[in-house]
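What follows is one structure encoded as structure tokens, with my remarks underneath.
The values are calculated or read from the model by the stated rules, or taken from the named source; none is laboratory data. If you're wondering where the values come from, they're calculated on a predicted model, not measured in any experiment. As a convention, Cβ positions derive from the backbone with ideal geometry for all residues, glycine included, and neighbour counts pool all protein chains shown.
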């Protein structure tokens with residue numbers, strides 16, 4: 001039995017038949033883990049038939065995958081829907097049947113998972129003790145809960161909680177509506193765990209209790225059994241199905257390294273240029289302009305030079321701290337990041353290839369930025385699918401994004417930055433912005449160019465942006481427009 005995935009289904013205490021089914025197995029010579037929870041609906045035995053049709057179709061399509069996971073997952077769900085719809089037309093006993101499904105393909109080797117989802121089965125990601133709901137409930141009550149209009153407890157007890165808006169086999173709308181199937185991909189880091197479940201669990205056990213049950217040291221089998229037992233103890237009003245998938249690779253700890261020594265000259269008192277944020281101790285930023293320390297023949301001379309340099313840099317840093325106190329306080333402070341920030345930074349750090357797609361199915365609300373996010377990739381294209389907003393926390397005054405000097409080019413598409421004095425900071429790099437909005441920014445982008453010790457410079461400064469692709473809205477100091 002595999003150590004990093006396990007699934008189980010249970011009839012519950014009220015129903016006398018089980019219309020749920022699941023998948024939890026390796027595919028393609030154990031390259032991927034295929035996990036799925038399917039909940040059938042539509043009368044006695046009809047739901048079971050619909051769920052089994054969907055299960056067979058998913059196994060058939062993804063069992064011969066060529067690596068194009070999201071298109072293949074969409075194909076599997078569309079073909080399942082078509083077969084269920086056809087069965088409804090041909091068999092009057094099954095004319096009300098359909099099913100909902102949450103489907104995941106986990107790529108442990110590359111630390112990533114991909115998912116496709118229709119209905120009110122659910123997908124959660126457990127990371128560092130925090131349980132994050134990834135999928136949306138395609139139901140009226142689910143919409144009210146996801147949008148904050150209903151609490152979790154109110155949603156669990158709502159009389160219409162089982163009424164769904166989307167399902168496989170409902171109609172042929174799935175073939176014409178590109179938004180009918182919810183899809184996405186996200187980093188799946190060592191130590192992470194995915195939870196897939198039917199509403200027989202999520203309607204009976206709240207998020208806090210689910211988290212407590214799956215964060216202990218028990219085996220996956222014991223955790224799944226405990227979840228089902230708790231749902232039954234709370235009433236067991238529906239069939240209960242749970243699948244857990246864990247990235248069981250050992251988490252990698254970053255090694256601490258000493259920062260490179262950089263001698264800084266005191267700037268001219270008359271300069272009005274923005275001061276570069278002090279980030280010498282940040283492991284995400286690589287200082288490419290630091291000059292090596294020359295070895296001398298006299299130990300005394302070397303020590304004297306070092307002492308003078310340290311004294312000068314200390315005085316200079318103190319002066320800058322006094323002048324730009326709010327910015328440095330934010331850059332050096334390390335508050336606890338929120339869940340959305342962690343997901344966003346992980347997406348930048350673990351991009352597969354040179355493209356990151358940010359979906360509003362994951363970032364459903366504005367991402368509140370409490371500390372700087374970093375982009376260090378050589379080339380990275382960040383595209384927002386939907387309305388992705390980065391909102392400054394009221395206690396934070398630094399940039400939303402800092403792009404490392406080691407990055408050659410970064411392209412941001414369809415992001416929105418709200419209320420950052422400086423939204424993006426970069427150094428000797430190229431930034432391309434497309435459909436990007438800056439609301440309330442004094443300096444939306446600062447790009448500092450460093451030419452070393454050259455006194456005569458001939459350079460072509462890279463184009464940052466074009467006016468037809470960037471929108472900036474800044475609130476005047478007096479509040480009038």
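The number of residues in segment 40-77 being out of contact with any strand residue (DSSP E or B) (no Cβ under 8 Å at 6 or more places or on another chain) and outside any helix (DSSP H, G or I) comes to 7. If you go through segment 389-417 and keep only what is surrounded by 21 or more Cβ atoms within 10 Å (Cβ to Cβ) and within 15 Å of residue 348 (Cα to Cα), you end up with 390, 400, 401, 402, 403, 404, 407, 410, 412, 415.
One residue alone among 128, 120, 177 is surrounded by fewer than 22 Cβ atoms within 10 Å (Cβ to Cβ), within 19 Å of residue 80 (Cα to Cα) and in the same structural domain as residue 77 (by TED's automatic domain parsing), and that residue is 177.
Summed over segment 384-434, the residues that are touching a helix residue (DSSP H, G or I) at 6+ places or on another chain (Cβ under 6 Å) and not in a strand (DSSP E or B) give a count of 3. Among the residues of segment 408-416, is there at least one that is touching a strand residue (DSSP E or B) at 6+ places or on another chain (Cβ under 9 Å), assigned by TED's automatic domain parsing to the domain that holds residue 433 and modelled with pLDDT under 85? The answer is yes, given that some residue of segment 408-416 is touching a strand residue (DSSP E or B) at 6+ places or on another chain (Cβ under 9 Å), assigned by TED's automatic domain parsing to the domain that holds residue 433 and modelled with pLDDT under 85. There is at least one residue in segment 42-58 that is under 26 Å from the mean Cα position of the chain (by Cα) and surrounded by 15 or more Cβ atoms within 10 Å (Cβ to Cβ). Exactly one residue out of 80, 155 is in contact with a strand residue (DSSP E or B) (Cβ under 9 Å, 6 or more places away or on another chain) and crowded, with 18+ Cβ neighbours inside 10 Å, and it is 80. Filtered by the rule that a residue be assigned to a helix (DSSP H, G or I) and under 25 Å from residue 341 (Cβ atoms), segment 144-168 gives 145, 146, 152.
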